[in-house]
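The values are calculated or read from the model by the stated rules, or taken from the named source; none is laboratory data. Since we're looking at a predicted model, the values are computed, not measured. Note that each Cβ is placed from the backbone with ideal geometry, even for glycine, and that neighbours are counted across all protein chains shown.
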Amino acid sequence: MSQNLYERIGGEAAVNAAVDIFYRKVLTDDRISRFFDGVDMEKQAAKQKSFLTFAFGGPHHYTGQAMRQGHAHLVKQGLNDSHFDAVMENLAATLQELNVPPNLIAEMAAIAESTRDDVLGR
Amino acid sequence: MPRIRYQQRTYVLKDDESVLDGLTRHGVAVPSSCRGGVCQTCLMRAVHGDPSEISQRGIKESLRERRYFLACACRPGADMEIALPDDNDLPLIMTEVIGKEPLNQNISRFRLRAPHGFVYRAGQFINLHHHEHLRSYSLASVPQTDNYLELHVQRITAGRISGWLHDKCKAGDPLILHGPFGDCHYSKRDIDQTLLLIGTGSGLAPLWGIARDALAQGHRGAIHLFHGSRDATGLYLIGALRRLAQRHRNFHYTPCVSGGGASGNYRSGRADEIALKQFPHLQGWRIFLCGNAEMVKSAKKKVFLAGAALRDIHADPFEFSADAHIAATP
């Protein structure tokens, strides 16, 4: 199933459309915006893009190890399940805005959800 | 942990460490300057392995194809073999100073002979070599209309190159440069798009070029230029910009003074804040941000949140430094 998801959703063009919407939502979400203070926007957008590519079932270089290391400093600052939930909400809202069918949104949410323990360092 | 093969030796990088940081940590000297993926001093070439997409950002297409990348921005996911740039790919260009004049107390305009066959866009930058130092300067000239290269050089306290340029350099002196680099320039993909140009200090140089380039190419959308400085003496080209606004109905110029004491001639406040207050909705706009690195960074976020798409935001943060930059031995 997930093998075709990326193509069904529209490949890289779909990811590019989603990055701006998703990143804007994340930056304006008071629950999580503080974790993005001072980050370089271009580097961050590139990370968002690889995250969305991963969630869309596309080609990625995502490893659990990198996820742990990349978020370890945020876990120290108090990153927890509630923040992960907030990101998941923003992801779903982004996809709804792009009129992605609910069954595909569910598929992508499941892929994104699989990173939870790595992100939270558990 | 990725391994880097360089000059017949192998170095192990830490996870998420850049090639530049890793080599430096191992005591290997690599030419570098801004360490922020901008100045292109740390340009290197991948012999084996793939440079990351982000490490190739802003590099000329022809060099990207030859697997050039920026060592400071490259965090490899796999092993790589790398080398310094090939001199044949990056020829040093000889030119000479043809004129210099003060634009205000600290900033002077330098005109250089346009080297034969030098192709560039207004707003791109060049690296200027002087002895073993190098500095990046934006191109304020427009190739279609100006038969010289124009730089606006701010005098930096104890600045090696700016000091030499301001105090010693005279018409006829030879200069060595390479470039052009960067993607902070106008492109004619939508001539009806509204452009917002925000700059501080000598960040006006690329914007002065970009605005005139857009007008020369028949841009029809509005072009709003906000130039900021702490006090009025830091502004420059005020008369020229006002004349440009009189000649072109779609060009608008707003000089801003942030340090208080603004008279009726200038707006009072920071250029980016004044611009955002006047234009809070930037969906569909193209944005150019140049000058003070902190301003550029915070304005980038603000214009994005105001609706500008990431691909429509062009930024050129200026890093000023007084200490030596190590230039690649030519």
- [ ] Would you list the strands (runs of 3 or more DSSP E) that sit entirely within the stretch B:74-149 and hold 3 or more residues that are in contact (Cβ under 8 Å) with a residue 60 or more places away in the chain?
- [x] B:80-83, B:93-102, B:125-130, B:133-138
TODO: Of the numbered conditions (1) buried (at least 18 other Cβ atoms within 10 Å of the Cβ); (2) assigned to a loop (DSSP other than H, G, I, E, B); (3) within 12 Å of chain B (Cβ to nearest Cβ); (4) not charged (D, E, K, R), A:VAL100 fails exactly one; give the number of that condition.
DONE: (3)
Open item on the list: Take the conditions surrounded by fewer than 24 Cβ atoms within 10 Å (Cβ to Cβ) and more than 22 Å from B:ALA299 (Cβ to Cβ) and apply them to B:ARG230. Does it pass?
Closed with: no
TODO: Scan the stretch B:24-48 residue by residue and report those that are within 13 Å of chain A (Cβ to nearest Cβ) and either surrounded by fewer than 18 Cβ atoms within 10 Å (Cβ to Cβ) or of a type in the set (Lys, Arg) (or both).
DONE: B:ARG35, B:GLY36
- [ ] Among the residues of the stretch B:229-246, write down those that are in contact (Cβ under 8 Å) with a residue 60 or more places away in the chain and outside any loop (DSSP other than H, G, I, E, B).
- [x] B:THR233, B:GLY234
Task: Contacts under 8 angstrom Cβ, first residue in the stretch B:182-202 being of a type in the set (A, V, I, L, M), partner in a loop (DSSP other than H, G, I, E, B) and surrounded by fewer than 15 Cβ atoms within 10 Å (Cβ to Cβ), 6 or more apart - done: B:ILE191/B:GLN217; B:ILE191/B:GLY218; B:ILE191/B:ARG220
- [ ] List every residue pair whose Cβ atoms sit under 7 Å apart, with the two residues 6 or more apart in sequence or on different chains, where the first one lies in the stretch A:37-57 and is more than 14 Å from A:THR94 (Cβ to Cβ) and the second, anywhere, is part of a helix (DSSP H, G or I) and basic (Lys, Arg).
- [x] A:MET41/B:LYS300; A:MET41/B:LYS301
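Does B:GLN144 qualify as being closer than 27 Å to B:SER298 by Cα and assigned by TED's automatic domain parsing to the domain that holds B:LEU103? If you could, list the steps in order and put the result at the bottom.
Numbers: closer than 27 Å to B:SER298 by Cα: no; assigned by TED's automatic domain parsing to the domain that holds B:LEU103: yes.
No; evaluated as a whole, the condition is false for this residue.
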TODO: Tally the residues that are within 19 Å of B:ARG5 (Cβ to Cβ) and within 14 Å of chain A (Cβ to nearest Cβ), restricting the search to the stretch B:49-68.
DONE: 5
Open item on the list: Tally up the residues in the stretch A:71-87 that are surrounded by fewer than 17 Cβ atoms within 10 Å (Cβ to Cβ), free of Cβ contacts under 8 Å to residues at least 40 places away in the same chain and part of a helix (DSSP H, G or I), please.
Closed with: 4
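Is one or more of the residues making up the stretch B:130-137 among the basic types (Lys, Arg), buried (at least 22 other Cβ atoms within 10 Å of the Cβ) and either in contact with a helix residue (DSSP H, G or I) (Cβ under 8 Å, 6 or more places away or on another chain) or outside the structural domain of B:MET44 (by TED's automatic domain parsing) (or both)? Even if it seems obvious, please write down each step before you answer.
Within the stretch B:130-137, the subset among the basic types (Lys, Arg) is B:135.
In the following step, the residues that additionally are buried (at least 22 other Cβ atoms within 10 Å of the Cβ) were identified as B:135.
Still in the list and also either in contact with a helix residue (DSSP H, G or I) (Cβ under 8 Å, 6 or more places away or on another chain) or outside the structural domain of B:MET44 (by TED's automatic domain parsing) (or both): B:135.
Yes: one or more hits.
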- [ ] Confirm whether A:GLY70 is at the interface with chain B (Cβ under 10 Å from one of its Cβ atoms) and in contact with an Asp or Glu (Cβ under 9 Å, 6 or more places away or on another chain).
- [x] yes
Open item on the list: Name the single residue that is nearest to the other protein chains (Cβ to nearest Cβ) among those in the stretch B:247-305 being of a type in the set (Lys, Arg) and over 30 Å from A:LYS25 (Cα atoms).
Closed with: B:ARG267
TODO: Would you check if B:ARG45 is in contact with a strand residue (DSSP E or B) (Cβ under 7 Å, 6 or more places away or on another chain), basic (Lys, Arg) and modelled with pLDDT of 80 or more?
DONE: yes
- [ ] Tell me, please, whether a residue that is in contact (Cβ under 8 Å) with a residue 12 or more places away in the chain, of a type in the set (A, V, I, L, M), over 30 Å from B:CYS34 (Cα atoms) and assigned to a loop (DSSP other than H, G, I, E, B) can be found in the stretch B:252-263.
- [x] yes
Task: Positions within the stretch B:290-308 being buried (at least 20 other Cβ atoms within 10 Å of the Cβ) and either more than 12 Å from A:GLU42 (Cβ to Cβ) or among the polar types (S, T, N, Q) (or both), in sequence order - done: B:CYS290, B:GLY291, B:ASN292, B:MET295, B:ALA299, B:VAL303, B:ALA308
- [ ] Can you tell me which residue within the stretch B:1-20, out of those that are farther than 17 Å from B:LEU84 by Cβ and in contact (Cβ under 8 Å) with a residue 24 or more places away in the chain, is surrounded by the most Cβ atoms within 10 Å (Cβ to Cβ)?
- [x] B:LEU13
TODO: Scan the stretch B:107-152 for residues that are farther than 19 Å from B:GLN217 by Cβ, of a type outside the set (Phe, Trp, Tyr), modelled with pLDDT under 95 and in contact with a strand residue (DSSP E or B) (Cβ under 6 Å, 6 or more places away or on another chain) and report the count.
DONE: 8
